[in-house]
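To start, the structure itself, in structure tokens.
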Amino acid sequence: MIEITYFMQRVIAGILFVLAAPLIGGLLEGIDRKISARMQGRKGPSILQPFYDVAKLVKKQLLAVNNLQLLLVTSYFLFMVFTGALFFSGCDILMCFFAMSTASMFLLLASTSTHSPYSTMGSHRELIQIMSYEPMVLLTAVGFYLASDSFKVYEIVQSDRPTILFAPGFFLGFVFILTIKFRKSPFDLSTSHHAHQEVVKGVTTEMVGLQYALTELAEWYENVFLLGVVGLFFVSSNPWSYLAAVIAIAVVYFIEILIDNVSARVKWQLMLKMAWGMTLITGGLNLFILDLIR
Amino acid sequence: MENVITLLIGLPFVVALLLAFVTSDKVRGKIVYLGGLVLLILSVAAAVIWFGSRQTVTFDLPASEVLNYLVLGGDFFLMFLVIWLSVKHHKTIISVLSIVQTLMVAWVELFGPEVAESHHMRVDWLTIIMLLIIGIIGVLIGVYAVGYMRGYHMHHKEVGDRRRFFFAMIFVFYGAMYGLVTSMNILWLDFFWETTSVCSFLLIGYTQTQEAVNNSFRALWMNLLGGLGIAIAIVYAACMQHTVNLYDIIDNGVLVALGADPGNLLPIAMLAFAALTKSAQMPFSSWLLGAMVAPTPSSALLHSATIVKAGVYMLIRISVAMSGNSVGEMVYLIGGFTFFVGSLLAIAQSDGKKVLAYSTISNLGLITACAGMGKQETVWAALFLILFHAVSKSVLFQCVGAIENATGSRDIEDMQGLATRLPKLALVLLIGIAGMFLAPFGMLISKWAALKAFVDVKSTIMVLFIVFGSATTVFYWTKWMAKILGFNEKRENDVTQRSEYASLFFHAASIILLCLFFPAISYFMIEPLTKELFGTSVTVITEGNMVVMIIMAVAIFIVPLLIYAVTRQRKKYDVIAYMGGINVGDNKSFIDSFGEEMELHVSNWYMEEWLGEKKLMLPSIILGTLIIIVFLGVVLGGAIR
């Protein structure tokens, strides 16, 4: 009986994510814009602006350079929702990351299917970005496994001590590659939230109307999922740990916004070197030390 | 069971002999189809009989004594063949390798110490799975080859038509593979092993161009070097352990962990070394790359179902004896390293077959690493990798071959928009690629299991190899997929023959079925297999994850089907792509700085100056060689002490 209620809890958590993530994601983006604007000495748009934007995009006429694109974008969206739902319903975190890379692959295919020079260029940069962050993402799962002997999120949240105590290196590495995942400067090579020059809008250049709305929504889902992973580092069986997680998420999010506003975009070579270097130094070292003392 | 196995080994040689004398193309085709069909039925029959009893059986072929001499005669025949060919092509030095090992083996057989009597053949779970791979995947490649070689000789007039020889060799290959996986007597195993070495050498040299000859000899010396390893293992086992039974040797290796003579690890190390050469691990990778010069069916055969699988078969066989010792360390380090470097090198290639070759090397690296770890979970993962790799790689090679016949190029850059140009081939290609790396497919399940196992045994370096190798693997497959789904208005004439499509679609369907039914396969085949090897039963992947994988599998298959439906209709495009306002009016061209129309080409990234062969190959070979020398030294040191 307890098992069934427990299972129901997990299902409900998953459903809650699917319903609430776009709201939270949109709000987060609104806050991001506001804070960025203040950092730049502007007033900035309303916090609800992202919702207005997406609503307007959905209403727009459906244009397509290639009929395939809508299909692939939809796949991207669905897989991203699925990824987050898996995570919040307490499934295997490594599976979540695998699902996430499958989702990103669909975005990439959607972008190259247009034969547009700008989106093609963007998608190749996106590929480099994926290659840069993927090792650290997988290592993060390893970090959780080392700390709580399980890949399963619902077991990780029940551990006696939060993961961060064992895996500070993994945490640092993950926060580092989060900049790439959030498409923040200095790693906003493939597309960016700000006006781009040489690749126009990169991966999303050819996406208009509904398609662009879907990528925006998918990104919100993705951000909530990724911040969830940040929070997971701090969660333990102690209920107060959830408060710590929320604070950590807020701090990390603010740092990402700050980095975005104080740095200039780098070339892909440097990004790859930095990301892999950080992965080895933070994640690799942490892993090595844990292997030694375990 | 005995009769079926006898037929499986004997029949291919008979068919090969027959094919060697048939000149008519039509008759040859019929013989290949019929022979293939019989082999397929026999392989499945063996599996059915097996499922009836599920008892490991050991037995002798009829007239075993005579066959012993036949095997010895065969060894000498191969030796003389190698001597003759290497003298003919002014590479006499290579024949030394062959002479030395043949004489060593012959000495054991004729004058060697008394060895314990035992049966010659053995059938167990692993054998059955290998039989199915050879009998289904291997045979279908033969079927595909009939149509392909017709097209090949129409396009390549400059290549002499040696199809009689080609198909004969393919059947010899089948026979040798069947023999290899059923042999219990290591002398026999050695003979079949050498046969596959020589066969692959002959197949690679098919076109007889200078490049083909050079590459074939490279394959030969590397494989013979591995064969030398087996010969050393035989001599050691016969003299020190008084046995020529592979399973006794493995058992003796396992006993080392319990305090037996560490010298028992020496034959295990030698067998592992042979397996590393055969499955083209790092210092020995170049022969498999060179194998691309051969016509596509032989590359497919070499890469997917046969020769490289002989290597990993051996590794899985001896995996119990490698668990937690220096031999295992050597094998998994080489494997992990090859996995990573192979995928890096694949990024810099634009030749479709070359990407496939590097991906084979890389993938085999992962299998090798899993086998070398010698844990139940990793062997489970290795077996799934073998299954998925055999099917996917076979279909990929066949597909690239068919595309080359249709478009005249196998360069990935020329595959722009294949989804609209050759929709059927593109669909098969996409499924094949998906089978190699995408989320719900075998590769990822196995990676999951492997990663967990390596974390459990606290191997930092292996965890790093796997996470970095996974990232680079995604890179080269995704950019290929992106190319196929791109845009192109060109239309192609699909010249793929019906026999080729039969094989292609069968493979594609198998990938999907493997993917959907993998829990069942795991439960009914792979888990009993690992239980048989390790004695305990363990469930590697949890129910929850299985459900997740199946949901993803279903989701991912709906997409390509929809893609196919969409590309078939090909509605008019509503808008043109953004090109800074200098479009000519379609997505194909733009106005250049001279005010003239210029065609637009989009190209993938290859990062040649970072990851090219020139940059990475030599250091990798040196590092790989160092790893092997160091660890063989450790094992040898243990044996002498």
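Of all residues in segment B:490-510 being out of contact with any Gly (no Cβ under 6 Å at 6 or more places or on another chain), assigned to a loop (DSSP other than H, G, I, E, B) and open to solvent by 30 Å² or more (accessible area, probe 1.4 Å), which is nearest to B:Ala145 (Cα to Cα)? Working first, answer last.
Looking only at segment B:490-510, we keep the residues that are out of contact with any Gly (no Cβ under 6 Å at 6 or more places or on another chain), and these are B:490-496, B:498, B:501-510.
Checking which are assigned to a loop (DSSP other than H, G, I, E, B) leaves us with B:490-496.
Subset that is open to solvent by 30 Å² or more (accessible area, probe 1.4 Å): B:490-495.
Working: B:Lys490: 28, B:Arg491: 26, B:Glu492: 22, B:Asn493: 20, B:Asp494: 17, B:Val495: 14 Å.
Top of the filtered list is B:Val495.
Of A:Leu210, A:Leu214, A:Leu272, which residue is open to solvent by 20 Å² or more (accessible area, probe 1.4 Å), of a type outside the set (Ser, Thr, Tyr) and within 14 Å of chain B (Cβ to nearest Cβ)?
Result of the check over A:Leu210, A:Leu214, A:Leu272: A:Leu210.
When you scan segment A:37-56, do you find a residue that is among the charged types (D, E, K, R), more than 14 Å from chain B (Cβ to nearest Cβ) and open to solvent by less than 90 Å² (accessible area, probe 1.4 Å), even just one?
Our first condition is that a residue be among the charged types (D, E, K, R); within segment A:37-56, this holds for A:38, A:42-43, A:53, A:56.
Cutting the leftovers down to more than 14 Å from chain B (Cβ to nearest Cβ) gives us A:38, A:42-43, A:53, A:56.
After this cut, where a residue has to be open to solvent by less than 90 Å² (accessible area, probe 1.4 Å) as well, the list is A:53.
There is at least one residue in segment A:37-56 that is among the charged types (D, E, K, R), more than 14 Å from chain B (Cβ to nearest Cβ) and open to solvent by less than 90 Å² (accessible area, probe 1.4 Å).
A:Leu23 is checked against (1) open to solvent by less than 30 Å² (accessible area, probe 1.4 Å); (2) at pLDDT 95 or above; (3) not β-branched (Val, Ile, Thr) and fails just one. What number does that condition carry?
Tallying (1) open to solvent by less than 30 Å² (accessible area, probe 1.4 Å); (2) at pLDDT 95 or above; (3) not β-branched (Val, Ile, Thr), A:Leu23 fails exactly one: (1).
Among the numbered criteria (1) more than 8 Å from every other protein chain (Cβ to nearest Cβ); (2) of a type outside the set (Asp, Glu); (3) without any contact (Cβ under 8 Å) to a residue 60 or more places away in the chain, which single criterion is violated by A:Leu72?
The one condition A:Leu72 does not meet is (1).
Every residue, every condition in (1) more than 17 Å from the chain's Cα centre (by Cα); (2) crowded, with 24+ Cβ neighbours inside 10 Å, yes or no:
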| site | (1), (2) |
| --- | --- |
| B:Phe167 | yes, yes |
| B:Ile170 | no, yes |
| B:Thr209 | yes, no |
| B:Arg218 | yes, no |
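How about segment B:479-526: which of its residues are at pLDDT 85 or above and among the charged types (D, E, K, R)?
B:Lys479, B:Lys483
Under the condition of being of a type in the set (Gly, Ala, Ser) and part of a helix (DSSP H, G or I), which residue from segment B:388-419 is farthest from A:Thr114 (Cα to Cα)?
Residue satisfying both the conditions and the ranking: B:Ala390.
Restricting to segment A:140-151, what's the tally of residues that are of a type outside the set (A, V, I, L, M), touching a helix residue (DSSP H, G or I) at 6+ places or on another chain (Cβ under 7 Å) and more than 9 Å from chain B (Cβ to nearest Cβ)?
Adding up the residues that qualify gives 5.
In the list B:Leu451, B:Leu430, B:Leu385, which residue meets the criterion of being assigned to a helix (DSSP H, G or I) and away from chain A (no Cβ under 14 Å)?
B:Leu385
Which residues, counting only those in segment A:217-268, are within 14 Å of chain B (Cβ to nearest Cβ) and touching a helix residue (DSSP H, G or I) at 6+ places or on another chain (Cβ under 8 Å)?
Matches in segment A:217-268: A:Trp268 only.
Quick check: anything in segment B:110-126 among the basic types (Lys, Arg) and over 30 Å from B:Phe388 (Cα atoms)?
No - not one qualifying residue is present in segment B:110-126.
Mind listing whichever residues of segment A:98-119 are open to solvent by 10 Å² or more (accessible area, probe 1.4 Å) and farther than 20 Å from B:Ala434 by Cβ?
A:His115, A:Pro117, A:Tyr118
Could you grab me the full set of residues in segment A:148-188 that are surrounded by 21 or more Cβ atoms within 10 Å (Cβ to Cβ) and in contact with a Lys or Arg (Cβ under 8 Å, 6 or more places away or on another chain)?
Passing the criteria: A:Phe151, A:Phe187, A:Asp188.
Can you tell me which of B:Leu464, B:Leu418 is without any contact (Cβ under 8 Å) to a residue 24 or more places away in the chain and either more than 10 Å from chain A (Cβ to nearest Cβ) or open to solvent by 10 Å² or more (accessible area, probe 1.4 Å) (or both)?
B:Leu464
Taking B:Ser359, is it in a helix (DSSP H, G or I), within 14 Å of another protein chain (Cβ to nearest Cβ) and farther than 30 Å from B:Lys531 by Cβ?
Criteria not met by B:Ser359.
Among the candidates B:Lys424, B:Lys458, single out the residue that is within 9 Å of another protein chain (Cβ to nearest Cβ) and open to solvent by 10 Å² or more (accessible area, probe 1.4 Å).
Working: B:Lys424 fails: within 9 Å of another protein chain (Cβ to nearest Cβ).
Just a single option satisfies the conditions, and that option is B:Lys458.
Among (1) within 21 Å of B:Val87 (Cβ to Cβ); (2) under 17 Å from the mean Cα position of the chain (by Cα); (3) crowded, with 24+ Cβ neighbours inside 10 Å, which single condition is B:Met177 missing?
That leaves (1) as the condition not met.
Taking helices (runs of 4 or more DSSP H) that do not extend beyond segment B:157-275, which have at least 3 residues that are modelled with pLDDT of 90 or more and closer than 14 Å to B:Gln101 by Cα?
Correct list: B:186-204, B:210-236.
In segment A:112-139, which residues are among the β-branched types (Val, Ile, Thr) and more than 7 Å from chain B (Cβ to nearest Cβ)?
A:Ile128, A:Val137
Considering segment B:97-121 alone, what residues qualify as being at pLDDT below 90, open to solvent by 40 Å² or more (accessible area, probe 1.4 Å) and closer than 24 Å to B:Phe173 by Cα?
Correct list: B:His119 only.
The values are calculated or read from the model by the stated rules, or taken from the named source; none is laboratory data. For clarity, every value in this text was computed on a predicted model and none was experimentally measured. Please note: Cβ atoms are built from the backbone with ideal geometry, for glycine as well, and neighbour counts cover all protein chains shown. For accessibility, only protein heavy atoms count, side chains too; no ligands or nucleic acids. Shrake-Rupley method; radii C 1.70, N 1.55, O 1.52, S 1.80 Å.
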